[in-house]
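All remarks here apply to the structure that follows.
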Amino acid sequence: FDMFVLAFVEKIFRPTYRKDDLVLGKKLGEGSFGVVYRASLAKKPSKDGEIVLKRATEYGAVEVWMNERVRRACANSCADFLYGFLESSSKKGAEYWLIWRFEGVATLADLLQSKEFPYNVEAMILGEVQDLPKGMERENRIIQTIMRQLLFALDGLHSTGIVHRDIKPQNVIFSEGSRTFKIIDLGAAADLRVGINYIPKEFLLDPRYAAPEQYIMSTQTPSAPSAPVATALSPVLWQLNLPDRFDIYSAGLIFLQMAFPSLRSDSALIQFNRQLKRCNYDLVAWRKSVEPRASLELRRGFELLDLDGGIGWELLTSMVRYKARQRISAKGALAHPYFDREGLLVLSFMQ
Ligand code: ADP
Ligand code: MG
């Protein structure tokens, strides 16, 4: 009944959009299953302001479903979803059009590329650059704040039963309105509680950030069960397979890239992945192999993670592990002593 009332109230009050309401602007991205544009609303005066439009192929149906679910269950985790609809008048055949609020100009990938990182993020979070001493402690606090926000968003998704499967800096956006990081791009996400777990054959998980297990559920798991059965069964399957830990591995690699400037480029990350594989995905073994002849920059990364008795390194090694079940959960990570000390003051106040 509640769901019925909610749907009814939404139908009356929630703005809906059509193709003609939208004026397309600059192209922001192009993936295998859609093109993303910045856009604005043609005439409708709206509080929604600047928006982002994704024109997706038929696989967009899953992305609409995921965004609707997030909107109801954990809205703060992801970019604000406004509306999605099937647009059949396009020349290329049916497309799904998805609309979000324009959250801001910078993804974490953009911010990581700057020589100023992580101070450029501090400036965005706090509004103006504070005239405080800069040093490793301070860098660590900023990175800690970003990690807390990312894990907070992931915990929201995972508690809802959604695994993202494409967590990477390009899919983490800085929301200028809330001054926090949010997750975007639910195109590869799986909703295990209702059995929506659809990845087309031609979709490849991003190898730069993917955990070593290729499939999120073991191959013994019956595929795509019908909805009522899945609702009853999937909490058990979730416990058995811990599919959420796939995202944790990816988030661990983001943590690594924040701590080590020399691992921020694609080629360096790919090389790191090769080295880690050779060490059987054992970060401690990797450290032993590279530390003796490490560059100053690499050594500085270890030094940062070694602050406060090595609590950052401890968290990192709990996230990046070969076996999914040995990785910490998002909730577990948020309770990790790494986050005991406050990050940036404004943020602990806002959250
Ligand atoms: P894909 O990776 O499939 O092309 P994304 O959903 O990741 O699609 O969007 C592509 C890019 O568009 C993002 O990397 C980001 O730069 C930008 N973008 C997506 N959603 C938003 C949003 N809500 N606000 C601002 N920029 C966005
Ligand atoms: Mg993306």
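Quick notes on this one:
- Of all residues making up the stretch 289-312, the number that are in a helix (DSSP H, G or I) and either at positive phi or in contact (Cβ under 8 Å) with a residue 24 or more places away in the chain (or both): 13
- Qualifying residue in the stretch 134-150 (condition: under 24 Å from Val62 (Cβ atoms) and either within 16 Å of ligand 1 (Cβ to nearest atom) or aromatic (Phe, Trp, Tyr) (or both)): yes
- Restricting attention to the stretch 90-105, the residues being of a type in the set (Lys, Arg) and not in a loop (DSSP other than H, G, I, E, B) number 1.
- Residue within the stretch 155-169 that is among the hydroxyl-bearing types (Ser, Thr, Tyr) and either under 20 Å from the mean Cα position of the chain (by Cα) or within 16 Å of ligand 1 (Cβ to nearest atom) (or both) present: yes
- The condition (being touching a Gly at 6+ places or on another chain (Cβ under 7 Å), more than 26 Å from Ser175 (Cα to Cα), modelled with pLDDT of 95 or more and among the aliphatic types (A, V, I, L, M)) is satisfied by just one residue among Leu316, Leu305, Leu283: Leu305.
- Checklist (1) more than 27 Å from Leu157 (Cα to Cα); (2) within 14 Å of ligand 1 (Cβ to nearest atom); (3) of a type outside the set (Asp, Glu) applied to Thr57, failing item: (1)
- Among (1) in contact (Cβ under 8 Å) with a residue 60 or more places away in the chain; (2) more than 29 Å from Arg341 (Cβ to Cβ); (3) of a type in the set (S, T, N, Q), the one test that Asn76 misses: (2)
- Selection status of Ile173, at pLDDT below 90 and touching a Ser or Thr at 6+ places or on another chain (Cβ under 8 Å): no
- Test for Gly34: is it among the small types (Gly, Ala, Ser), exposed (fewer than 11 other Cβ atoms within 10 Å of the Cβ) and within 16 Å of ligand 1 (Cβ to nearest atom): no
- One residue stands out in the stretch 244-286 among those that are touching a Phe, Trp or Tyr at 6+ places or on another chain (Cβ under 7 Å) and not hydrophobic (A, V, I, L, M, F, W, C): the one that is nearest to Glu137 (Cα to Cα), namely Ser250.
- Unique residue being among the polar types (S, T, N, Q) and more than 23 Å from the chain's Cα centre (by Cα) when the list is Gln275, Gln271, Gln257: Gln275
- The stretch 242-254 residues that are on the phi > 0 side of the Ramachandran plot, paired with ones that are assigned to a helix (DSSP H, G or I) and not β-branched (Val, Ile, Thr) (beta carbon under 8 Å, 6 or more apart): Leu242/Ala324; Leu242/Arg325
- Whichever residue in the stretch 69-105 is within 27 Å of Leu151 (Cβ to Cβ) and among the charged types (D, E, K, R) and, among such residues, is nearest to ligand 2 (Cβ to nearest atom): Glu103
- Matching residues, the stretch 91-110, being of a type in the set (A, V, I, L, M) and surrounded by 21 or more Cβ atoms within 10 Å (Cβ to Cβ): Leu98, Ile99, Leu108
- Looking at the stretch 106-193, the helices (runs of 4 or more DSSP H) lying wholly inside it that each contain 1 or more residues that are within 16 Å of ligand 2 (Cβ to nearest atom) and not charged (D, E, K, R) sit at 108-113, 136-160.
- Members of the stretch 27-77 found to be more than 21 Å from Ala190 (Cα to Cα), modelled with pLDDT of 95 or more and among the charged types (D, E, K, R), listed by number: Lys27, Arg38
The values are calculated or read from the model by the stated rules, or taken from the named source; none is laboratory data. What you see is a predicted model; the values in this text were computed from it and never measured. All Cβ positions, even for glycine, are placed from backbone atoms using ideal geometry, and neighbour counts span all protein chains on display.
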